[in-house]
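Quick one: the structure is below, and I'll ask about it shortly.
The values are calculated or read from the model by the stated rules, or taken from the named source; none is laboratory data. A quick note: this is a predicted structure, and the numbers were derived from the prediction, not measured. Here the Cβ positions follow ideal geometry from the backbone for every residue, glycine too, while neighbour counts run over all protein chains shown. Side chains included, ligands, DNA and RNA excluded: accessible areas come from the protein's heavy atoms. Shrake-Rupley method; radii C 1.70, N 1.55, O 1.52, S 1.80 Å.
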Amino acid sequence: MKSNALTLFLLLIATPVVAQAPIEIDPARATGATVQYFGWDLKGWKDSTSTPKRAEKLYADTPANIVRISIEGIAHREDGTVNEKLYGAMLKSIANIREINSDVKIFASIKLAKEKTFPAWVQSNEEGSIFNVKVKRPIPQKYARLVADYIDWLRKNKIAIDFLGLNNEISNALTPPLYVATARALTAELDRRNTPKEYRSFQFVGADGFGTTTSVRYAQAIVAEGGLAYADIWGSHFYPDLTSGSINDWTRLSNVARGRPIWHTELHVRSSPEPAEHVAKVRDGLAILFATNQIGAEGYVWWSRGHDDNPTNLVRRKAITSLLGGSCVYTSGQYKAKDNAPDATLAQATRVDDIVWLWYFNPVAAIKELPIHLKRGKATQASCEFWGGGGSGPTQTSGTLEVENRNGKYLVVKDIPATSIVLVKMDLRSSSSSSPDSPDALVAPRQWRSANPNSKAILAALESVKDGIGHFRQASGATFDYPLNKLSAEDRQIAEAAASQ
C-alpha cells in the first residue's frame, strides 16, 4: 500500500503543471448555518489544558468557546461520594481554560467505558449492549441520582454545566425510553435537592449515537416517547473512515430536530506519515466539517487532544478560527462528505465577519498559479499559509505563499507545493468604516444616472439586485431601491453585468 502510494506521489510531482480554473467565491452567499460553538474534548484527554501553555494553544490562539468534559460513572459511589482520582487533571484543565475565557461553555457527557460505563449500584437486571459487549442497563432513578451527585460535585468546585449528554454511543444500553425516564428523574431529583438555578440551567443534548443512522432512530424514538423537552439540541458522531451512516442522515436528523440546533459532537480527522495520504485524510475530515455545516450543524467538538504542534492539530486549530461565528459560503467545485478519490482536490471558503478563508487541499502535483475570483466584495488584503508533508513531526513542512491581489476581486496564489494544505485569508474590510463600498457591494460607489436626462446623478454603491430592482447605498448610509431599466443605457449595462456574475 505504502509503496504504491509513494510511486503515485513521485509520478504526480513529475507531472507538468497545468493551468487551473479560477475558484469562484461569493462571500455574500452563506451556504451553511452560523457556527455557534466550536471547541475541544477533555473526556479522553483530561490533561489537554492542564498547563497554562496548553490552554493558551486551544483557547487563546483559537476562539474556541466550548469544552466537553466527562461524567465518569464508576467514579460515583452509592453514598454520593466521588473518587476524584478517576477525573485526573480535569478540574485543573477547566480552571486553566476559564483563566483565559470565563465564558467558555461546559458540555458534560457520560464517558463510554463499555461494561464499566455504569457502577453496579446503578445497574438493573435487564441486559443491553455497548459495542457488542453485554451490559446491564441502568435504572433511570439511580442514573439520575448519579448525575445529580456529579452536578453537586462540580458545584462545590464552582463549575456549572451548560449542556448535558446522558447518552454517548450507549444507545443499546440507555434505550430511548430509559433516556426520557432518566431525564425526568433528574429534573425531579434536582428539585428535591433545591439545586440552585445556575447549576441546573443546562440544555439536554439528545441522541448522540455512534453514527447518524443510530442518532436518527434514537431521536425519532425520543419524540415518540414524548421526550422532546429533554432534547434541546440533537447531536451525533460521524466518521470519515468508519461506517457511521451517510451525509443524508444529517438532513433526516435536522428534520427530526424540529427547529432545534444540530451538533457534530465528536468531529474526527485522521493523519498519515505519508504526505499524499496525510493530505487526503485531513481533507476527508474537513470535508465532513464543511458538509455538515452546509446541512445545518452549528456546534462542533474536536475529538482527541489538540495542543501538540503536529500538522493535523495546526489545521484543526485554524478550522475553529475560520468557522466559529461564521459559516461556509458559496464556492465553485464539488466534493463528497465521504469517499473522495485519493487524488481529489477540495476547495471550500468560509466567512467570519469580514474575513473570508479559502481552504484548498492538494494531495497531488504542485500548482504554479491558483486563481481566485470573488463574485462580490473586494479583498483589501490577502495572505496565505500552507502545511505539507506527513502527519509526523520530522516530515512536516509549513510556510507562507505569495498571493497576488490584482484588483481585490481577482487573486492568484503562487507556487502551491505538491501534497499540501493551503489556507488563504482575504480581508474584505473597507479602509473607511463609513464607506458604502461594503464587502457585499456588487459595484463600488459611482455616479448613477437615470434614463431621464433631467434627473440628477446620485453617488452610491450597488449592493444587490432582485427581480430587476437595484438596492443602492449612499455614503451617508441611506439606502434606496431603483429599477435597473430606468437607468441610463450605460449604467444599466454595468449594473446588469455585475448582477449576473
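Is at least one residue of the range 163-171 within 16 Å of Ile69 (Cα to Cα), in contact with a Phe, Trp or Tyr (Cβ under 8 Å, 6 or more places away or on another chain), touching a residue at least 12 places away in the same chain (Cβ under 8 Å) and open to solvent by 10 Å² or more (accessible area, probe 1.4 Å)? Spell out the reasoning first.
Of the range 163-171, the ones within 16 Å of Ile69 (Cα to Cα) are 163-169.
Okay, now just the ones that are also in contact with a Phe, Trp or Tyr (Cβ under 8 Å, 6 or more places away or on another chain), so 163-167, 169.
Then keep just the ones that are touching a residue at least 12 places away in the same chain (Cβ under 8 Å); that gives 163-167, 169.
Right, trim to open to solvent by 10 Å² or more (accessible area, probe 1.4 Å) and you get 169.
Checked the range 163-171: at least one residue is within 16 Å of Ile69 (Cα to Cα), in contact with a Phe, Trp or Tyr (Cβ under 8 Å, 6 or more places away or on another chain), touching a residue at least 12 places away in the same chain (Cβ under 8 Å) and open to solvent by 10 Å² or more (accessible area, probe 1.4 Å).
Return the only residue of Asp47, Asp79 being among the acidic types (Asp, Glu), outside any helix (DSSP H, G or I), more than 25 Å from Cys328 (Cβ to Cβ) and free of Cβ contacts under 8 Å to residues at least 12 places away in the same chain. Step through it out loud before you land on a result.
Values: Asp47 fails: free of Cβ contacts under 8 Å to residues at least 12 places away in the same chain.
Checking each option against the conditions leaves just Asp79.
Could you pull out every one of the strands (runs of 3 or more DSSP E) wholly within the range 319-375 that has 1 or more residues that are of a type in the set (Asp, Glu)?
Working: elements: 327-331, 346-352, 355-362, 367-374.
Where strands (runs of 3 or more DSSP E) fall fully within the range 319-375 and carry at least 1 residues being of a type in the set (Asp, Glu), they are 367-374.
Name every residue in the range 445-478 that is in a strand (DSSP E or B), open to solvent by less than 70 Å² (accessible area, probe 1.4 Å) and farther than 19 Å from Arg29 by Cβ, in order of residue number.
The first filter runs over the range 445-478 and keeps only residues in a strand (DSSP E or B), leaving 445-448, 450, 458-466, 469-473.
With open to solvent by less than 70 Å² (accessible area, probe 1.4 Å) added as a condition, the list becomes 445-446, 448, 450, 458, 460-465, 469-472.
Across the range 445-478, the qualifying residues are Pro445, Arg446, Trp448, Ser450, Ile458, Ala460, Phe472.
Name every residue in the range 382-417 that is among the polar types (S, T, N, Q) and either within 28 Å of Pro342 (Cα to Cα) or within 25 Å of the chain's Cα centre (by Cα) (or both), in order of residue number.
The initial filter retains those residues of the range 382-417 that are among the polar types (S, T, N, Q), namely 383, 392, 395-398, 400, 405, 407.
Correct list: Ser383, Ser392, Thr395, Gln396, Thr397, Ser398, Thr400.
Any residue in the range 294-306 that is within 19 Å of the chain's Cα centre (by Cα), crowded, with 24+ Cβ neighbours inside 10 Å and at pLDDT below 95?
Yes.
While we're looking at this one, here's another question. I'd like to know if the range 395-402 contains one or more residues that are among the acidic types (Asp, Glu) and touching a Cys at 6+ places or on another chain (Cβ under 8 Å).
Pass one, the range 395-402, residues among the acidic types (Asp, Glu): 402.
Of the ones still in play, those that are also touching a Cys at 6+ places or on another chain (Cβ under 8 Å) are 402.
Yes, that holds for at least one residue.
Would you confirm, using the coordinates I've provided, whether Phe202 is in contact with a Phe, Trp or Tyr (Cβ under 7 Å, 6 or more places away or on another chain), open to solvent by 10 Å² or more (accessible area, probe 1.4 Å) and aromatic (Phe, Trp, Tyr)?
Values: in contact with a Phe, Trp or Tyr (Cβ under 7 Å, 6 or more places away or on another chain): yes; open to solvent by 10 Å² or more (accessible area, probe 1.4 Å): yes; aromatic (Phe, Trp, Tyr): yes.
Judged against the criteria, Phe202 is a match.
For the range 107-161, what are the residues that are part of a helix (DSSP H, G or I) and among the acidic types (Asp, Glu)? Write out each step before concluding.
At the first step, the residues of the range 107-161 found to be part of a helix (DSSP H, G or I) are 114-116, 120-122, 140-156.
Of everything in the range 107-161, those that are part of a helix (DSSP H, G or I) and among the acidic types (Asp, Glu) turn out to be Glu115, Asp149, Asp152.
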